[in-house]
Amino acid sequence: MDDEPMTRPAQTEQPAQTEQPAQTERPAQAVEDARPEPTAVTATQTAATVLTVLTATDAEDKARDLAYGAIRARLAACAQINGPVTSVYRWEGEIETDHEWQVLLKTTAARYAALEAWLTEAHGYDTPEVIATPVVQGSAAYLEWVRRETAE
């Protein structure tokens, strides 16, 4: 074992053709193996620009209006309405329980500010829930579709 460390540096410095290609290929191969597939890189880069935005309102027709309005204005590519859900929250010092309908919108980081402003204006609540979450992974084709549908 003690002889081996001295032998390895000597072998690394030798121009032996059988030793050097194997040594230079291993690190390159290890780096290549650690890289995601090209489509995964594209999807990840695209994903960083896509957000899901959640809001909720007290009636299904209001949720539908928020969804359709955001899509019509190209502020979101898609909206899903879920509900009713039971919300428990503190408002003006009291604990409240209400049924709400959630609206989950898909948009881009570039369109978020406009979507938030539109939701805040169109929403019936004094302090509407508007929460954005970045998409960290996703189908490249779907994420590209979101970008196309929300392009100004």
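If you go through the range 56-78 one residue at a time, how many are open to solvent by less than 30 Å² (accessible area, probe 1.4 Å) and under 23 Å from Ala113 (Cα atoms)?
Qualifying residue count, the range 56-78: 10.
Provide a single number: the residues in the range 114-134 that are more than 17 Å from Ile71 (Cβ to Cβ) and more than 18 Å from the chain's Cα centre (by Cα).
7
Looking only at residues that are assigned to a strand (DSSP E or B), acidic (Asp, Glu) and in contact with a strand residue (DSSP E or B) (Cβ under 8 Å, 6 or more places away or on another chain) in the range 87-140, which one is least open to solvent (accessible area, probe 1.4 Å)?
For the range 87-140, the residue satisfying everything is Glu100.
Kindly list, by first and then second residue, each pair from a residue in the range 68-81 that is more than 14 Å from Arg147 (Cα to Cα) to a residue that is in a loop (DSSP other than H, G, I, E, B), limited to pairs with Cβ atoms under 7 Å and residues at least 6 apart or on different chains.
Pairs found: Ala70/Ala76.
The values are calculated or read from the model by the stated rules, or taken from the named source; none is laboratory data. Being a predicted model, the structure only gives us computed values, none of them experimental. Please note: Cβ atoms are built from the backbone with ideal geometry, for glycine as well, and neighbour counts cover all protein chains shown. The protein model used for the area step is the full one, side chains on, heavy atoms only, and it has no ligands, DNA or RNA in it. Shrake-Rupley method; radii C 1.70, N 1.55, O 1.52, S 1.80 Å.
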